[in-house]
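Read-outs: derived from the displayed coordinates by stated rules, not from any lab. Since the model is a prediction, treat every value here as computed from it, not as a measurement. Here the Cβ is made from the backbone with ideal geometry for all residues, glycine too, and neighbour counts use every protein chain on show.
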Amino acid sequence: MLDNALKYSKSKICIECFEDNGEIVVRINDDGEGIEPSKLERIYDKFYQCEESHKKKRRGLGLSIVKRILEHLRGEIEYKNTESGTQVSVKFKV
């Protein structure tokens, strides 16, 4: 997640960690172009890669593994586009 923010951000990355209604939230915001809405719904699929140019370097397993681990820990992950880029939030129950 942070790796993608570093890769696709234009110049600014913001990392927050806070407690919200009994959950620990780690949120990363970047000022990149975001993810195409049609691709956003598939980012947790095994072997899916939004960026065609990276297919030879990576396998497309990262987010599917992260999501699965978080589900076992009763946590969740959410990617969304914002007006200023992309936001990813990871939440854990306390």
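Over 27 Å between C-alpha atoms is what I'm after, so list which of 7/91; 7/93; 12/67; 46/80 land there. Intermediate values should be presented prior to the final figure.
On the way: 7/91 23 Å; 7/93 29 Å; 12/67 25 Å; 46/80 19 Å.
With Cα atoms farther than 27 Å apart: 7/93.
To make sure I understand the rule: partners must be aspartates and glutamates, Cα under 15 Å from the Cα of residue 10, and not fewer than 8 residues away in the same chain. Which ones qualify?
30, 31, 33, 83
Counting only other residues whose beta carbon sits under 9 Å from that of residue 70, what net charge do I get with K and R as +1, D and E as -1? Numbers along the way, then the final one.
Values: positive: 67, 68, 74, 91; negative: 71, 76.
Once all neighbours under 9 Å are counted, the net charge is +2.
In a shell of Cβ-Cβ distance under 15 Å around residue 13, excluding residue 13 itself, what net charge do Lys and Arg (+1) and Asp and Glu (-1) give? Numbers along the way, then the final one.
Details: positive: 7, 10, 12, 27; negative: 3, 16, 30, 31, 33.
Cβ neighbours under 15 Å give a net charge of -1.
What is the sum of charges, Lys and Arg at +1 and Asp and Glu at -1, for the other residues whose Cβ falls under 14 Å from the Cβ of residue 93?
-3
I need the calculated FRET efficiency for the pair residue 64 and residue 14, taking r as the beta carbon distance and R₀ as 22 Å, to the nearest 0.05.
Numbers: r = 25 Å, r/R0 = 1.16.
The pair residue 64/residue 14 has a calculated efficiency of 0.30.
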